[in-house]
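Nothing in this text is a laboratory measurement; each read-out follows from the coordinates by a stated rule. Quick caveat, the model's predicted, so the values are computed rather than measured. Methodologically, a virtual Cβ is constructed for each residue, glycine included, from the backbone with ideal geometry; neighbour enumeration extends over all protein chains shown.
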Amino acid sequence: MAKEFLPGMRKDYGKDALTVESVHADPMMQFEKWFKDAMKSDGDEANVLTLSTLGEDQIPEGRIVLLKFYAEDGFTFYTNYSSHKAQQLEKHPYASMTFHWRSQERQVRIKGSISKVDPIISDEYFKERPLGSRIGAWASPQSQEIPNREFLEERVEEIKQKFEGQIEIPRPEFWGGYLLTPVQIEFWQGRPSRLHDRIIYDLVDGKWVIKRFAP
Ligand SMILES: Cc1cc2nc3c(=O)[nH]c(=O)nc-3n(C[C@H](O)[C@H](O)[C@H](O)COP(=O)(O)O)c2cc1C
């Protein structure tokens with residue numbers, strides 16, 4: 001394959017600016033402000049984030065997941081508790097989340113510790129999911145090798161039969177939420193000539209300390 005050089009792919013940013021003085025003292029309030037802006041511009045995709053975890057081989061791994069809740073205590077996503085990421089989080093319960101809101105020319109990076117959410121909360125959220133997604137959670141042995149697509153489709157049929165006639169499909173024990181409790185949150189706003197604004201909140205002795213970093 002020929003080496004592709006992509007010199008033309010560059011975009012200058014200049015939609016907005018960010019200063020230590022203009023941001024909220026509480027990063028969760030700042031997140032809420034930006035998330036609401038992102039919902040307006042990115043709609044149902046505003047909650048798409050990259051979750052990075054540390055592999056057993058010490059190589060970081062990223063994958064997309066969806067943010068399902070945010071509140072003062074942190075950020076929640078849902079997944080399979082036997083998945084690859086879950087095994088990594090079991091061994092090393094720390095992760096980072098990266099949001100890219102392209103139309104806002106913004107990035108948010110969050111890092112912190114990870115814990116499983118209360119099973120009752122996972123139950124409540126599971127009930128809210130569409131039927132197909134609830135069946136899918138039961139059917140998919142996430143991150144395990146499977147022989148072919150038919151295997152998955154047969155699993156779906158088996159699960160449908162298993163719960164036939166039941167009003168409610170219970171949450172599988174191997175599926176639920178994780179809460180990321182932040183210790184650092186960075187807000188990045190694209191600016192002209194790559195001189196972007198980066199405002200970082202660090203949790204020091206229970207208080208958020210705000211700094212500006214060079215881009
Ligand atoms: C748009 C999008 C949304 C996704 N949302 C989730 C999610 O909320 N939870 C999840 O477990 N996987 C989600 N995935 C799939 C993951 O990226 C990943 O393939 C899967 O979780 C297995 O990752 P692992 O093997 O590292 O555990 C999503 C993928 C995409 C592209």
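If you place +1 on the Cβ of every Lys and Arg, -1 on the Cβ of every Asp and Glu, and leave all else neutral, what size is the dipole of the chain about its Cα centre, to the nearest 20 Debye?
Dipole of the chain, to the nearest 20 debye: 840 debye.
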Next item on the list: List, largest first, the extents of the alpha carbons of the range 1-153 along their principal axes, each in whole Å.
Entry: 51, 50, 33
Next item on the list: Could you point to the residue in Thr19, Ile200, Phe99 farthest towards the positive end of the chain's charge dipole, with +1 and -1 charges on the Cβ of Lys/Arg and Asp/Glu respectively?
Entry: Thr19
Next item on the list: Determine which aspartates and glutamates satisfy two conditions relative to Lys211: a Cα distance under 14 Å, and not lying fewer than 8 residues away in the same chain.
Entry: Glu21, Asp26, Glu186, Asp197, Asp202
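Could you work out [θ]222 nm for the chain from helices alone, using -39500 (n - 2.57) per DSSP H run of at least four and dividing by all its residues? Round to the nearest 500 deg cm²/dmol. Intermediate values should be presented prior to the final figure.
Values: 5 runs with 57 residues, N = 215.
After summing the helix terms and dividing by the residues of the chain, the value is -8000 deg cm²/dmol.
Classify the range 1-84 as rounded, prolate or oblate from the Cα gyration tensor: take a ≥ b ≥ c as the square roots of its eigenvalues, call it rounded if a/c is under 1.5, otherwise prolate when a/b beats b/c and oblate if not.
Note, shape of the range 1-84 comes out oblate.
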Notebook entry, point to check: Taking the range 100-215 as the region of interest, what is the percent of Cα-Cα pairs per 5 angstrom bin, listed from the shortest bin to the one with the maximum distance?
Noted result: 2, 9, 13, 13, 11, 11, 10, 10, 9, 7, 4, 1, 0
Check: What full-extension length gain, to one decimal in nm, is calculated for Ser143 and Ile210 as 0.36 nm per residue of separation minus the Cα-Cα distance?
Finding: 20.3 nm
Next item on the list: Of the options Trp138, Gln87, Pro7, report the single residue whose Cα projects farthest towards the positive end of the charge dipole of the chain (beta-carbon charges: Lys, Arg +1; Asp, Glu -1).
Entry: Pro7
Note to self: Checking the cross-link filter: which lysines have an alpha carbon closer than 21 Å to that of Lys36, excluding same-chain neighbours under 8 positions apart?
What the structure shows: Lys15, Lys68, Lys111
Notebook entry, point to check: Which residues make up the longest stretch of the chain clear of GluC sites (Glu not before Pro) that lie in a DSSP loop with no more than 14 other Cβ atoms within 10 Å, not counting the sites?
Noted result: 73-144
